[in-house]
1. Compute the distance from the alpha-carbon center of the stretch 217-289 to that of the stretch 139-212, in whole Å.
2. Tell me, what ³J(HN,Hα) does each residue in the stretch 244-249 have, in order and in whole Hz, if you take phi through Karplus 6.51 cos²θ - 1.76 cosθ + 1.60 with θ = phi - 60° and put x for Gly and Pro?
3. No solvent, one uniform scatterer per C-alpha: report log10 I(q)/I(0) for the stretch 83-196 via the Debye equation at q = 0.15, 0.17, 0.23 1/Å, two decimals.
4. Report the net charge of residues surrounding residue 151, where surrounding means a beta-carbon distance below 11 angstrom and charges are Lys +1, Arg +1, Asp -1, Glu -1.
5. Grab the other residues whose beta carbon is less than 12 angstrom from that of residue 131, score K and R as +1, D and E as -1, and report the net.
6. Lys and Arg at +1, Asp and Glu at -1: add these up for the other residues within a Cβ distance under 10 Å of residue 84 and post the number.
Amino acid sequence: MPDITVDAHVDSFMANAMSASNKTTLKSRLEAEDAGAAASLAGRDPSTLTKLVKPDKSVYAYGLNTIPTNFANTEAVALGLSAGYDLIGFEIGSKVTTIGNSGDGYGNGAFQDLYTDYGSLVIPDSVTSIGGYAFFYNNGATGSLVLGKSIVSIGDYAFYSDSSFTGELVIPDSTTYIGLSAFYGCSGLTSLTLGNSVATISTGAFDSCSSFTGSVTIPATLTSLGASAFVNCSNLTNINCYVTRNIMNASGALAGTNVTTIHARASDSTWTAGADTIGGKAVTVIKDL
């Protein structure tokens, strides 16, 4: 990320379009060259600033606690670009708590449709909520996806079709809700770890994550599994399941996978050892957890 300097004018987006609750006292937009100058404004460390990078490598930084709906696209146009997809990079500041809004729909995701190679994406530990369509169709990502340790909710279609992310996907222990098709088509991710607080995995949440390999453990906290939750995760072979059979048996949840075994709790009377069909997939149930 290039260094940052201060641009003295107050950006209209920051000054007028955002409510006071959605921004910090930092009101100027910063154009980057020198990190020290950025730090001097309102006493902010540059790492706390959210940054957008233009094709000429100049960086504009924002002192946000909440990243608003349609942020990247709105700001890219304000900076003279055609749309957010013309940006060549971005970074989320370490003071951000909310990215977008849970009700955001198509076309309004905070960082939607960023196609240019920007490497890995790190969601800071400060973030508690990722809104709908927040990173929808971000095929500019060519590295890992790191989710911060405080995320409670991941919105509908949040990472839809972000097929260029690679490596493991770890849902943190803080997360309770994973939205509709939240990770649909994230076909470059190679494994899935679900945190021990997940209560809801919505319909199609991990649909077509075709490179998930091996096992997935379903935590005992899960109370709702949506239809087609793992459909077409073609390299999944095993489920370690700490929930009852009726929760796991969501319509089409395992269709199109290569799951052959489900390991269930020995004490769970809802499961019967032996052959069964769960979520549209013929499996062998082994009660040994």
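Read-outs throughout are calculated quantities, based only on the coordinates presented, and are distinct from any laboratory measurement. Since the structure is predicted, the reported quantities are computational estimates derived from the model, not experimental observations. In this analysis, Cβ positions are derived from the backbone assuming ideal geometry, glycine residues included, and neighbour counts consider all displayed protein chains.
1. Distance between centres, Cα-based: 19 Å.
2. Whole-Hz 3J(HN,Hα) from phi for the stretch 244-249: 6, 4, 5, 5, 6, 8.
3. Debye output, listed in q order: -0.55, -0.73, -1.47.
4. -1
5. Neighbour charge sum, excluding residue 131 itself: -2.
6. -3
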